[in-house]
Amino acid sequence: MMSLLRIVLLFVFLTGTASSQTPTRVHAEPVSADRIVAVVNDEVITLNELAYRVEMVTGQLRRQGTPLPQRDVLERQMLERMVMEKVQLQHARDIGVRIDDAQLDQAIQRIAANNNLSMGEFRQVLERDGLPFAKFREEIRNEMSIARVREREVDDKIVISEGEIDNFLQSEEGKGNSTEEFEVAHILLRSPESASPEQIAELKAKAEQVFERAVKRENFSQLAAAYSDAPDGLEGGSLGMRTLDHLPSIFADAVLKLHVGEVAPLLRSPNGFHIIKLVGKRGERGTPAVRQTHARHILIKVNELVSDPDARHKVEGLYDRIMHGEKFAELARLHSLDGSATKGGDLGWLYPGDTVPEFERAMNDLEPGEVSRPVRTPFGYHLIEVLERRVQEVSSDRLRSAARQALRERKLDEAYQDWLRQARDRSYIEFRLDEA
């Protein structure tokens, strides 16, 4: 599952550095009047709104070096994405999801901190890049609302049985070493909830055409941006590096048969047709084992009494003191607001997943004996020191716990796509992009 922090950070990368100039909201020559390009239940999407979003994603694709699809193709892809956002936001409103200003402010502070900026600096960057701060706030509010909808409608309803865990542990991916990772990109051509045989045949023919182009080594990111109905289509369809057990099951079975650079045969699922490519691979397969990290930390919490800037200033001061030779453990005992303070901040041996993602990512980037710069998590600001690492065989209980989590994440992706398809089919949607 994609965490809320990852969602809001993704939005920053999509919009916060889109251009050094204000994006053009309408076609420059001639300036045309705004009009409706789609109706979603009781709301509309306008041409100006669409043009703004297209300019944003065009800037992103250019920065990635991805060849741009034709303008009309990109407009249709973006319009479909905006329709799906409307559907989810309307559902959020209907079930009473509300993001208040305090929650929104905390999320934006985390975004600024993770980009190593103060709130003032962050606002200046947004304004310089053509994104008014008020608009950014509302976009983040929308992202948070969609995340809440997913949690309520999908995440909280996932059930993993003991039998599923047993079967997974006996499977090829369940036996694999968690250090082996696969970089996968995909294209989804989504089928309607109650598609007719004619609609399925038409969609399959389209999918086969895209598949043939991918096999002939056309730019996969460009094909994804032009044709994929998945939320990550306009980002090139990349799923990033994942272990086999964190890929959807239909992908995991296919990936094992691929060499890097190859495209799997066309796949069919209840959600539609999938085209997947193995972009890269690292690590080795073997007996189940994980890398453990022995670490300690200092935590300065952000709360009603300590503001985000004050906490950051304090932890930066502690970092400077450590860099000038003061003992990490002694400063942890004196200043850390975590239960580990009495042990000099020692957290013992940590397995993957034992800490929040922001902490784990920063910790994994450190070499033994190295101290991190201040790291922001939902708990506050941390300094992290890695003491040592080891590869350890995994106990039966740990294996089952990891299997349960892997199955849950796999089901989440599949269940979310299924829920999106159903939500779209329940909505009244009318496209008017081609109207003069």
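Quick one: T355 ticks every box in (1) more than 28 Å from the chain's Cα centre (by Cα); (2) not in a helix (DSSP H, G or I) bar one, so which box is it?
(1)
Okay, residues lined up against (1) hydrophobic (A, V, I, L, M, F, W, C); (2) under 17 Å from the mean Cα position of the chain (by Cα); (3) farther than 30 Å from L347 by Cα; (4) modelled with pLDDT of 90 or more:
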site: G236; (1), (2), (3), (4): no, yes, yes, no
site: A252; (1), (2), (3), (4): yes, no, yes, no
site: V263; (1), (2), (3), (4): yes, no, yes, yes
site: R268; (1), (2), (3), (4): no, no, yes, yes
site: Q292; (1), (2), (3), (4): no, no, no, no
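Determine the pairs where a residue that is among the aromatic types (F, W, Y), located within the range 39-55, has a partner that is surrounded by fewer than 18 Cβ atoms within 10 Å (Cβ to Cβ) with Cβ atoms under 6 Å apart, the partner being 6 or more residues away or on another chain.
The qualifying pairs are Y52/R25.
Any idea which residue in the range 296-336 is surrounded by the fewest Cβ atoms within 10 Å (Cβ to Cβ), counting only those that are among the aliphatic types (A, V, I, L, M) and in a loop (DSSP other than H, G, I, E, B)?
Going through the qualifying residues, I end up with L305.
Where residues in the range 65-81 are of a type in the set (A, V, I, L, M) and within 11 Å of L50 (Cβ to Cβ), which of them is surrounded by the fewest Cβ atoms within 10 Å (Cβ to Cβ)?
It comes out as L74.
Would you tally the residues in the range 207-216 being free of Cβ contacts under 8 Å to residues at least 40 places away in the same chain and surrounded by fewer than 16 Cβ atoms within 10 Å (Cβ to Cβ)?
Total satisfying the criteria: 3.
Restricting attention to the range 186-201, which residues are over 27 Å from the mean Cα position of the chain (by Cα) and either assigned to a loop (DSSP other than H, G, I, E, B) or surrounded by 13 or more Cβ atoms within 10 Å (Cβ to Cβ) (or both)?
S194, A195, S196, I200
Identify all residues within the range 122-139 that are in a helix (DSSP H, G or I), more than 23 Å from K301 (Cβ to Cβ) and not polar (S, T, N, Q); write none if there are none.
Passing the criteria: R123, V125, L126, E127, R128, F133, A134, K135, F136, R137, E138, E139.
Out of everything in the range 165-175 that is surrounded by 11 or more Cβ atoms within 10 Å (Cβ to Cβ) and modelled with pLDDT of 80 or more, what residue ends up being nearest to S249 (Cα to Cα)?
Once the filter is applied, the top-ranked residue is F168.
Listed residues I140, I158; which is touching a Lys or Arg at 6+ places or on another chain (Cβ under 8 Å) and closer than 29 Å to L420 by Cα?
Among I140, I158, only I158 is touching a Lys or Arg at 6+ places or on another chain (Cβ under 8 Å) and closer than 29 Å to L420 by Cα.
Report whether or not Q106 is free of Cβ contacts under 8 Å to residues at least 24 places away in the same chain, over 23 Å from E55 (Cα atoms) and assigned to a helix (DSSP H, G or I).
Yes, satisfied.
Would a scan of the range 369-379 turn up a residue that is under 24 Å from the mean Cα position of the chain (by Cα) and of a type in the set (A, V, I, L, M, F, W, C)?
Yes - at least one qualifying residue is present in the range 369-379.
Please specify each residue of the range 384-436 satisfying the condition of being in contact (Cβ under 8 Å) with a residue 40 or more places away in the chain, farther than 23 Å from S194 by Cα and within 25 Å of the chain's Cα centre (by Cα).
I384, A402, A403, R404, Q405, A406, L407, R408, E409, R410, listed by residue number.
Can you name every residue in the range 111-164 that is surrounded by 15 or more Cβ atoms within 10 Å (Cβ to Cβ), farther than 25 Å from T377 by Cα and in contact with a Ser or Thr (Cβ under 8 Å, 6 or more places away or on another chain)?
Residues satisfying the conditions are D129, G130, L131.
Has the range 247-267 got any residue that is more than 26 Å from V215 (Cβ to Cβ), among the small types (G, A, S) and either out of contact with any Pro (no Cβ under 6 Å at 6 or more places or on another chain) or touching a residue at least 40 places away in the same chain (Cβ under 8 Å) (or both)?
no
What's the number of the condition D245 fails, among (1) assigned to a helix (DSSP H, G or I); (2) modelled with pLDDT of 85 or more?
The single condition D245 does not satisfy is (2).
The values are calculated or read from the model by the stated rules, or taken from the named source; none is laboratory data. In this text the structure is predicted, and so the values were computed from the model without any measurement. Using ideal geometry, Cβ is built from the backbone for each residue, glycine included, and neighbour counts are taken over all protein chains shown.
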